[in-house]
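K.L.:
Pasting a structure here, questions to come.
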Amino acid sequence: MPAKLNRVMDDVDVLVVGSGVAGLSVALGLVPHLRVAVVAKEGAGGGSTQLAQGGIAAAVGPGDSSAFHAADTMAAAAGLCDPLVAQDVTAEAAEAIALLSRLGVRFDQGALAREGGHGRARVVHAKGDATGAEVSRALLQAVRQAGVPMARGFLVDLLSSPGREATVGAVIWDGSRLREVGARTVVLATGGYGQLWARTTSPEACSGDGLAAALRAGAQVADLEFVQFHPTGMDFGTDPRPLATEALRGAGARLRGADGGFINDDPALDLAPRDVVSRAMARRMGELGAKYCYLDATPVGEAVLATHFPTFTATCQGVGLDPAKQWVPVAPTAHYTIGGVLTDSLGCTTVPGLMAVGEVASSGLHGANRLASNSLLEGAVIGRRAARLLLSTGGTAPPRPPARVNEVVEHLGAGGTRANQGGPRLDRARLRSQMELGAGVSRDGEGLQRLSRQLTLPVVALPFQPGWELANMVLLGRLVAASAARRCESRGAHWRADYPSSHPDWRVRQVLQLETNGEVAVGNLEVPQPVPVAPALARASS
Ligand code: SIN
């Protein structure tokens with residue numbers, strides 16, 4: 001550690017930033033062998049995990065196997081899933097469920113659920129549509145019992161050794177002062193960047209702080225253009241928008257336009273991949289000039305709504321709607337940000353001493369489109385794998401190999417300085433509405449260029465945390481726009497109306513790196529070829 005750092009808090013071996021399933025899985029895997037602490041800006045358990053209504057996918061049913069699960073994961077990912085990562089994560093899925101049960105998660109007994117894109121029934125739920133809340137409750141209790149120190153704190157930046165050769169700690173804002181925490185390894189588990197969009201299911205905490213700090217620390221990031229829009233974010237005027245889980249459509253709920261007509265005449269099409277359903281809804285909204293569609297959950301029936309969908313039912317009742325009798329306003333909503341810090345399936349980044357797990361990471365599991373209920377799974381599995389690695393190294397994270405980046409895609413020095421005396425300024429609300437317009441469900445080159453111009457407007461000056469968050473959001477917004485503009489094709493969750501098909505040349509991931517001069521370099525990362533699945537296996541899984 002460089003001696004010049006003036007620490008005002010005890011150093012630790014491992015500092016985990018974020019308290020969702022991924023971060024807490026790392027922390028629990030390290031005690032009592034290493035000194036570990038958890039900081040989270042929203043306080044313990046306040047991120048996306050506790051809101052997750054889907055379950056956890058695992059091949060635990062009769063006749064299922066992790067190879068089938070990996071094959072479904074790759075099929076959803078539209079050519080960009082790293083098959084080795086899919087193999088590693090799905091192989092440990094059953095073990096992850098068993099471990100969570102031992103830690104106190106009360107999973108629902110009985111039939112497994114089959115969700116969109118899964119060839120088998122393999123989704124494990126807890127308390128119906130409250131899986132994330134139950135996982136969060138049990139893990140927080142276990143972490144407290146294990147005596148892991150947890151504190152509320154905002155990650156202002158990572159501390160780097162000279163030349164950004166390694167991460168050596170973090171600067172944390174505790175609400176009244178800045179603290180430096182030294183650590184052999186910092187594990188980012190800060191969640192995604194869903195708050196960049198005006199309509200999102202991601203909580204306020206998801207402003208991409210961990211991802212932006214990793215960029216500033218020299219880490220490579222990948223796949224920023226891939227953002228999964230969920231068809232049924234509930235439009236009750238709240239931020240974030242509560243999710244109406246896809247399982248409702250699996251149980252018979254139908255999508256209707258603002259005029260009451262079905263979005264798809266064939267009910268099976270209501271359960272097509274999320275990007276396809278979201279575009280159909282966006283089209284209907286455009287035709288009708290409406291801000292939302294409806295989810296008609298009346299066919300599900302009062303009894304099933306109460307037993308299987310208590311979170312959805314309570315949310316509707318909270319605004320005076322009875323979903324057994326009334327349609328619920330919904331719209332496509334940014335739900336999961338697939339891009340993140342480039343890692344391997346152990347959570348290692350391209351910078352020694354820095355790891356990333358969960359939604360902040362881009363492990364390559366999700367490719368261009370995430371399979372339902374694979375995100376809690378990824379957090380739990382890679383979190384444990386990261387902990388095992390750290391135990392074997394005494395707490396020091398080795399780097400993964402970097403990708404070759406060779407083309408400048410953005411110059412950050414060019415932002416925030418355009419002379420516009422008295423003209424518009426960029427604040428959080430403006431940024432979010434511009435992202436919705438330019439980088440939403442359907443994108444095109446012109447809209448992305450317009451978005452990029454908007455994101456170089458001077459930024460309003462805000463003190464402390466709101467100011468740091470806004471700066472992070474502007475940085476990430478510009479890089480999402482640049483990545484989406486450069487990918488001249490449609491693939492998975494990234495739809496370009498001006499390039500409506502996929503192109504084989506684009507079967508690559510885009511990796512970005514922020515240089516110290518403010519230039520952002522980009523390169524294409526080849527995706528390993530999938531191991532061919534035997535025809536008999538492929539048939540059985542379809
Ligand atoms: C849902 O329940 O519809 C969302 C689950 C997920 O995003 O994996």
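K.L.:
By how many nm would the segment from Lys325 to Cys488 grow when fully extended, if each residue of separation counts as 0.36 nm and the alpha-carbon distance is taken off?
P.N.:
54.2 nm is the gain from fully extending Lys325 to Cys488.
K.L.:
So what is the 222 nm mean residue ellipticity for the chain from helices alone, if each DSSP H run of at least 4 adds -39500 (n - 2.57) and you divide by all residues, rounding to the nearest 500 deg cm²/dmol?
P.N.:
Taking each H run of at least 4 residues, the total per residue is -9500 deg cm²/dmol.
K.L.:
Return the carbon/sulfur percentage of the accessible area of the chain, one whole number, probe 1.4 Å, all protein chains in place.
P.N.:
After summing per-atom areas, the C and S share lands at 54 percent.
K.L.:
Just to check I understand the Karplus step: with θ = phi - 60° and J = 6.51 cos²θ - 1.76 cosθ + 1.60, what whole-Hz values come out for segment 310-321, glycine and proline as x?
P.N.:
Going residue by residue, I get x, 5, 4, 4, 5, 5, 5, 4, x, 10, x, 9 Hz, with x marking Gly and Pro.
K.L.:
Given the C-alpha centroids of segment 299-330 and segment 160-189, what is the distance between them in whole angstrom?
P.N.:
Going from one Cα centre to the other spans 44 Å.
K.L.:
How would you rank 433-443, 145-155, highest first, on the average number of other Cβ atoms within 10 Å across their residues?
P.N.:
Going from most to least packed, we get 433-443, 145-155.
K.L.:
Dipole size in debye (nearest 20) for segment 60-173 around its Cα centre, Lys and Arg Cβ +1, Asp and Glu Cβ -1?
P.N.:
460
K.L.:
Kindly state, to the nearest 0.05, the FRET efficiency for Gln465 paired with Glu407, given R0 = 41 Å and r defined as their beta-carbon distance.
P.N.:
Efficiency, rounded to the nearest 0.05: 0.75.
K.L.:
Another question, then. Determine, for the chain, the count of lysine pairs separated by eight or more sequence positions (or lying on different chains) whose alpha-carbon distance falls under 30 Å.
P.N.:
Summing the qualifying lysine pairs gives 4.
K.L.:
Placing unit charges on C-beta atoms (Lys and Arg positive, Asp and Glu negative, everything else neutral), compute the dipole magnitude of the chain about its Cα centre in debye, rounded to 20.
P.N.:
Magnitude of the dipole: close to 540 debye.
K.L.:
Residue separation times 0.36 nm, minus the C-alpha to C-alpha distance between Glu165 and Asp239: what's the value?
P.N.:
Between Glu165 and Asp239, full extension yields an extra 22.8 nm.
K.L.:
With 20 Å bins from zero, work out the P(r) of the chain over every alpha carbon pair and list the percent per bin.
P.N.:
Result returned by the calculation: 23, 59, 18, 0.
The values are calculated or read from the model by the stated rules, or taken from the named source; none is laboratory data. Values in this document were obtained by computation on a predicted structure and should not be read as measured data. Cβ: placed from backbone, ideal geometry, glycine included. Neighbour counts: every protein chain shown. Just the protein is used for accessible areas: all its heavy atoms, side chains included, with ligands, DNA and RNA removed. Shrake-Rupley method; radii C 1.70, N 1.55, O 1.52, S 1.80 Å.
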